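The values are calculated or read from the model by the stated rules, or taken from the named source; none is laboratory data. All values derive from a computational prediction rather than experimental measurement. Cβ: placed from backbone, ideal geometry, glycine included. Neighbour counts: every protein chain shown.
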Amino acid sequence: MYAETEGIILKQIKIAGGRKMLVIFTKRFGKISAGTSLKENSKNKATLALRPFVYGKYRINKTGKYYHVNGAEVISSNYQIGEDVDKFMSASYVLEFTEKLLPEEAPDPKLFRLLTDFLDLLEKRKKKFDTLVIAYQVKALAYNGSFPRLDACVLCNEKEQIKYFSVAEGGVVCEQCGEGSKAKELLLYTIDFGIVEVLRYLLEQPLSSFIRLALDDNILQEVRKVLKEYIVYHLEVDDLKSEEFMN
């Protein structure tokens, strides 16, 4: 089967014989692993489309269970990401997170568009990239169906007296449930610093609104901590290599 699809390179691995194994988030097939024999040659425009962060068009052959990239062209190189260390690490983290989040061969056009928008906005943004990264993660969780419940207590459905955010239970918890016998097991965070409002805002606003907006550093630190705990607990997405280089 021969097909053409838009895609974003998530990872490139060099293997024997000058070949490469690519992990590509494609618009048509979802996340796939594909081999290619295209050579690294500065005069060959197709090889430019094999680099991470590139949004391109790929000509793919599928034989049985195996994909092979026969040709490619760049739609957007996002080259400025590679010229800034902080941008590079932010983009690397998001690509690694997205790869862990996606199942194999499951098309997700909404998340695909979100990722292309993220890379475009990151390239244009001048500083403080963490807010854009967090906004991407929040929206990705929502598209994945894994976003926490924020409208009522996840344990009793109470909409008043909301006092905590429980990582383990997957959302907000009222005062009575939070102070019950299981309180120490729920990985509770108080919501005094406005985590619910921040998460709602990040979810409801279009990603484009974060091209310049930046969260307060203290709020950002708290939200990042809670999101990390939540993602590790519910999705088992942990030990991201790029995370240790994030600010």
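Structure values in brief
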| read-out | value |
| --- | --- |
| Boolean, Glu4 is surrounded by fewer than 16 Cβ atoms within 10 Å (Cβ to Cβ) and either modelled with pLDDT of 95 or more or within 20 Å of Ala106 (Cα to Cα) (or both) | yes |
| Any hit, the range 35-52, residues being of a type outside the set (Gly, Ala, Ser) and either assigned to a strand (DSSP E or B) or touching a His at 6+ places or on another chain (Cβ under 8 Å) (or both) | yes |
| Boolean, Lys110 is at pLDDT 95 or above and either in contact with a Phe, Trp or Tyr (Cβ under 9 Å, 6 or more places away or on another chain) or under 30 Å from Val232 (Cβ atoms) (or both) | yes |
| Test: residue in the range 117-124 that is out of contact with any helix residue (DSSP H, G or I) (no Cβ under 7 Å at 6 or more places or on another chain), in contact (Cβ under 8 Å) with a residue 24 or more places away in the chain and either within 20 Å of Thr36 (Cβ to Cβ) or surrounded by fewer than 20 Cβ atoms within 10 Å (Cβ to Cβ) (or both) | yes |
| Candidate set: the range 194-204, residues that are more than 10 Å from Val138 (Cβ to Cβ) and either of a type outside the set (D, E, K, R) or touching a His at 6+ places or on another chain (Cβ under 6 Å) (or both); chosen: the one modelled with the highest pLDDT | Val196 |
